[in-house]
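Everything below concerns the one structure shown next.
The values are calculated or read from the model by the stated rules, or taken from the named source; none is laboratory data. Computed from a predicted structure; not experimentally measured. Ideal geometry is used to build each Cβ from the backbone, glycine not excepted, and the neighbour counts take in all protein chains shown. Just the protein is used for accessible areas: all its heavy atoms, side chains included, with ligands, DNA and RNA removed. Shrake-Rupley method; radii C 1.70, N 1.55, O 1.52, S 1.80 Å.
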Amino acid sequence: MSDGGLTSGLDDAVAGGDGGGDARRDADRPEGTDRVRADAARRGLAVEIVARPAADSLEAAAALLGLEPSDIVKSLVVKRHDGSFVFALVPGDRQISWAKLRSVVGVNKLSMPSADVALEATGYERGTITPMGSSTAWPVVADSRVTGRRVALGAGAHGFSAFVEADELVAAYDATVADISD
């Protein structure tokens with residue numbers, strides 16, 4: 001699949017590839033993308049990380065990446081009432097259904113944490129969050145509409161997207177797949 005010329009030269013066909021040990025290349029890679037690559041490699045998950053320009057809307061971001069808006073997956077870290085978290089993976093053109101997610105997770109209360117709390121929980125800033133390489137391996141719940149295709153999601157650093165086969169991502173993170181969006 002073409003990335004529309006957005007590939008930065010920082011990509012590895014399979015996560016964890018050493019890319020020949022180019023020191024300049026390694027110095028140019030954001031630390032967050034290295035965490036994504038390393039975690040994916042440990043799990044045997046193929047990931048392609050591409051640089052991408054900023055976009056002012058979901059539709060513009062999808063066009064830049066040569067995707068449909070639903071192929072961009074939002075990785076949302078959600079806080080449980082006990083202080084633990086869960087990752088919710090939702091197609092870009094949909095929203096979390098709080099009632100559905102609460103039912104799947106088996107709790108009565110969930111909330112979106114502040115940006116600081118999300119950073120502390122995952123090691124990633126909002127807009128870069130992904131379960132891949134998270135500082136804590138929280139459970140993953142993927143909306144059933146995510147499966148069966150190649151998707152793009154946060155890559156651990158601003159200005160980058162990670163492309164993965166959704167079914168492989170689900171398997172690598174032992175994710176629960178359910179209808180969690182509206």
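Observations
- As a rough guide to protection, the peptides 129-142, 165-178 ranked by mean Cβ packing within 10 Å, highest first, stand as 129-142, 165-178.
- If you take all other residues with their beta carbon under 10 Å from the beta carbon of residue 69, and give Lys and Arg +1 and Asp and Glu -1, the sum is -3.
- Remark: the stretch 59-182 carries 42 Å² of accessible area per residue (probe radius 1.4 Å; ligands, DNA and RNA excluded).
- Whole-Å distance, taken between Cα centres, linking the stretch 31-58 and the stretch 88-109: 24
- Protection-proxy order for peptides 156-164, 46-54, 76-84, 110-118, each taking the mean of Cβ atoms within 10 Å per residue, highest first: 156-164, 46-54, 76-84, 110-118
- Surrounding net charge for residue 111, when Lys and Arg each add one and Asp and Glu each subtract one, Cβ distance under 11 Å: +4
- Between the amide H of residue 181 and those of 97, distances stay under 5 Å, these residues lying 5 or more places away or on another chain, with hydrogens modeled in the peptide plane.
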